[in-house]
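Structure first, then comments.
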Ligand SMILES: C[S@@+](CC[C@H](N)C(=O)[O-])C[C@H]1O[C@@H](n2cnc3c(N)ncnc32)[C@H](O)[C@@H]1O
């Protein structure tokens, strides 16, 4: 993959630290994704399960697992994330008191080989710097017969109207590719991460769903966070005035009062792999 700047891990941590207090303000998207992913789990989670909520964010998947388990069937859950602020959110979340949460890089997990019965990485591959290393760590730490569950977007519904906003400010701007390389959004790429990590191809299944995000469900600060992130991705050497104009254009398109539609769709891949 492309070389990344030396401080990229730091930048990633800072980005997600910034998102931590407003993570639930992006609407129900993370819960719909995690819920759909957990519904694909072929090995029911029980009190004898040892689950890794990998790059757990504010604990979305842990909270879904705890809710489904009830009080008598609660598994051991280890939740890890690179962002200390995300882990702080997990620690203060009601219902997750028994979850063992800690700051940890998913590309260098501190767990021994063959630790987990279930390894869950929901919307993690596109956000890590080295998804191949992440997936090898998932394979290494999963017990034989264990299940890895992973989800990611196959399309980003906001890219088209973002492109329109960019062209309005800079008609000659090159096409906006979005946050991840085109190849990373494909079923083949996602599956190959797991096969290259050691899972047998016949034990890896990928399915697709669509998740709709409504502008009205996004907190204003989350819209602003997204628009700022897009300006940072796109603008580069643009003048300050053009950057600000792009930010204004984007904010109009993300605002339920001024946008053309009521939201956008994310095609989403759900992957199940058995070790
Ligand atoms: C989009 S969020 C997904 C969070 C959660 N899995 C969920 O279902 O909502 C991506 C998370 O990955 C974390 N992350 C990115 N790279 C990581 C890495 N190398 N190690 C650990 N966490 C990482 C970020 O800090 C962020 O919390």
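Using the structure shown, decide if residue 241 is buried (at least 19 other Cβ atoms within 10 Å of the Cβ), at pLDDT below 95 and farther than 23 Å from residue 33 by Cβ. Against the criterion (buried (at least 19 other Cβ atoms within 10 Å of the Cβ), at pLDDT below 95 and farther than 23 Å from residue 33 by Cβ), residue 241 does not qualify.
Within the set 183, 202, 221, the sole residue that is assigned to a helix (DSSP H, G or I), in contact (Cβ under 8 Å) with a residue 60 or more places away in the chain and exposed (fewer than 14 other Cβ atoms within 10 Å of the Cβ) turns out to be 221.
Of these, 157, 178, 146, which one is more than 15 Å from the ligand (Cβ to nearest atom), part of a loop (DSSP other than H, G, I, E, B) and buried (at least 16 other Cβ atoms within 10 Å of the Cβ)? Selected residue: 157, the only one of 157, 178, 146 that is more than 15 Å from the ligand (Cβ to nearest atom), part of a loop (DSSP other than H, G, I, E, B) and buried (at least 16 other Cβ atoms within 10 Å of the Cβ). Looking at the range 1-118, the strands (runs of 3 or more DSSP E) lying wholly inside it that each contain 1 or more residues that are more than 8 Å from the ligand (Cβ to nearest atom) and within 30 Å of residue 223 (Cβ to Cβ) sit at 76-81, 100-103.
The values are calculated or read from the model by the stated rules, or taken from the named source; none is laboratory data. Since the structure is predicted, the reported quantities are computational estimates derived from the model, not experimental observations. Neighbour counts run over all protein chains shown; Cβ positions are idealised from the backbone, glycine included.
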